[in-house]
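Worksheet: the structure to be examined is printed underneath.
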Amino acid sequence: MSEQIPALEIKHLTKKYGDKVAVDDISLNIKKGAFFGLLGPNGAGKSTTIHCITGIAQPTEGEIRIDGIDVVKDYKLARTKVGLSPQEFNVDIFATPEQLMDYMGGYYGIPYAERAARIEKLIARFDLEKHRKVKFQKLSGGLKRRAMLGRALVHTPDLLILDEPTAGVDVEQRHELWAYLKEMNEGGKTIILTSHYLEEIQYLCNEIAIINHGKIVAEGTKEEFMKEGKSVEQTYLEVIRAQK
Amino acid sequence: MIMLNTIGLYTMFRREVKRTFRVVVQTLVAPVISATLYIFIFGTVIGTRIDDFAGVPYISFVFPGVLMLSIINASFASASSALYFMRFTRGIEEILIAPFSYVEMLIGFVGSAVTRALMVAFLILTVGLLFGAVNLVNPLMFVVYVAAISAIFAMLGIIVALWAESFEQLQVLNTFVITPLTYLGGIFYSVTFLPPLAATITHFNPFFYFADAVRSSMIGYSEANSAIGALVIFGLVVTLGILVTYLFRIGWKIRS
């Protein structure tokens, strides 16, 4: 029965900032285990949607459920289900990667011993051993991204949201990260990914939606986006250009 | 229904204690040096030339107010700087996405600031006891009032941190409200020395009750009605607690 509950269900979500409509009546259903790509130009409403899901922003209208749990009415429980690696580095720049994971794990109520074990695994997984006690502000762009991912995963969320997780990451590290994300998804974790690297979306995602001017303008499986031998990028450009 | 996020709250306290020790000269050493200087000036230089106040040496009368000033500064600075910095760096999003209720957010921020204020209070108290400047006649009352007064200024610090759009604005309340009302609240003088009108006005200054409560717990001397004092202090704790919880609930300046 629980398998029928989607990992994420968005119904008629609208988010306004004053008179400006950032997200305009969108609905989405993301099933458990999906690797979902959310595409769109800058300012299309991707990050706003993510902020509404995670509690950084308050929806103006509509309903969002994570694993059947309403993110507004039952926000505390809903937040235990989600991990976020945001586009911008929303951290204390004087904290180290180890501290960032420790504090976030603590905020999620994970006991010390369990938290310490998870942090060790994440530090090893993201090759942060040499940098675990280096202040965030001193890390390179790629290391910062890895620290953010570690922080997002420390409480082992069911739903992982990655907003531009490979921005500023070099090619080799990006491929390593892709392998890890694929491994996690194959292990059953639901992942939502936004990225301007469309080859990344094509490689990783099995479901895709395009948001533009706050509305969902295309949605389907990767195969549907790649029909007639097109790449995801070609389909994306066609859809966006048709909107102009 | 999720239980109180105790590990989360402990993590918030732990993080603030770490931050306190990261700038230990500013947060703990400076108040202790100030308190020592007050003991030297009001105890040795001036105090020896002033008759006892209500049967106690002048330094014993003044010292509780000095301690109160220090805990006000510690709790206000702790809460306002921590939250404003988190807004500035968007680190506040770590708290917003975590499973904290709005009341837990209040407890976390206020408890962290009170923790720092209590550390300052006990260090200054130790200095006062070592130099024989003060007593502690009612330890429980002392801890309760120090915690309550610190909580008031932690919550004022939170409100200012939410409102402020620059580091300079963080100082506005401190400069134009807290400092004047503190100095006019009978820290350095007895309200009985004032003309009747000034004495009456002083009784409408909440800082008069803050200083009196701390003084009463330390040296057993009080100039205010203790029931009114308790009502003012705990009334402010409850009122500000409701206001700050409401501000967190609507996400004022922190949730878009």
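The values are calculated or read from the model by the stated rules, or taken from the named source; none is laboratory data. Keep in mind it's a predicted model, so treat the numbers as computed, not measured. All Cβ positions, glycine included, derive from the backbone under ideal geometry; neighbour counts span all protein chains shown.
Quick notes
- Considering only residues in segment A:57-81 that are under 10 Å from B:Ile97 (Cα atoms) and without any contact (Cβ under 8 Å) to a residue 24 or more places away in the chain, the one that is nearest to the other protein chains (Cβ to nearest Cβ) turns out to be A:Lys76.
- Counted as qualifying within segment A:18-126 are the helices (runs of 4 or more DSSP H) with 3 or more residues that are at pLDDT 95 or above, β-branched (Val, Ile, Thr) and crowded, with 21+ Cβ neighbours inside 10 Å, namely A:46-54.
- The set of residues in segment B:1-55 being surrounded by fewer than 17 Cβ atoms within 10 Å (Cβ to Cβ), more than 14 Å from chain A (Cβ to nearest Cβ), among the hydrophobic types (A, V, I, L, M, F, W, C) and touching a residue at least 60 places away in the same chain (Cβ under 8 Å) consists of B:Val32, B:Ala54.
- Taking the conditions (1) farther than 17 Å from B:Gly91 by Cα; (2) within 12 Å of chain B (Cβ to nearest Cβ) in turn, A:Gly142 satisfies each one other than (2).
- Filtering B:Phe21, B:Phe88 for residues that are within 17 Å of B:Ala121 (Cβ to Cβ) and among the hydrophobic types (A, V, I, L, M, F, W, C) leaves a single hit, B:Phe21.
- Of all residues in segment B:66-94 being assigned to a helix (DSSP H, G or I) and free of Cβ contacts under 8 Å to residues at least 24 places away in the same chain, the one that is nearest to the other protein chains (Cβ to nearest Cβ): B:Glu93
Matching residues to (1) over 13 Å from the mean Cα position of the chain (by Cα); (2) more than 16 Å from B:Leu69 (Cα to Cα):
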position	(1), (2)
B:Gly128	yes, no
B:Asn138	yes, yes
B:Ile152	no, no
B:Leu156	no, no
B:Ile159	yes, yes
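- Inter-residue pairs, beta-carbon under 7 Å, first among the charged types (D, E, K, R) and in segment A:170-184, second not in a helix (DSSP H, G or I), 6+ apart: A:Arg174/A:Thr166
- Extreme residue, nearest to the other protein chains (Cβ to nearest Cβ), among residues of segment A:103-126 that are without any contact (Cβ under 8 Å) to a residue 40 or more places away in the chain and of a type in the set (D, E, K, R): A:Arg115
- In this structure, B:Val120 does satisfy being at pLDDT 95 or above, closer than 30 Å to B:Ile50 by Cβ and in a helix (DSSP H, G or I).
- Residues (surrounded by 14 or more Cβ atoms within 10 Å (Cβ to Cβ) and not in a helix (DSSP H, G or I)) located in segment B:225-255: B:Gly251, B:Lys253, B:Ile254, B:Arg255
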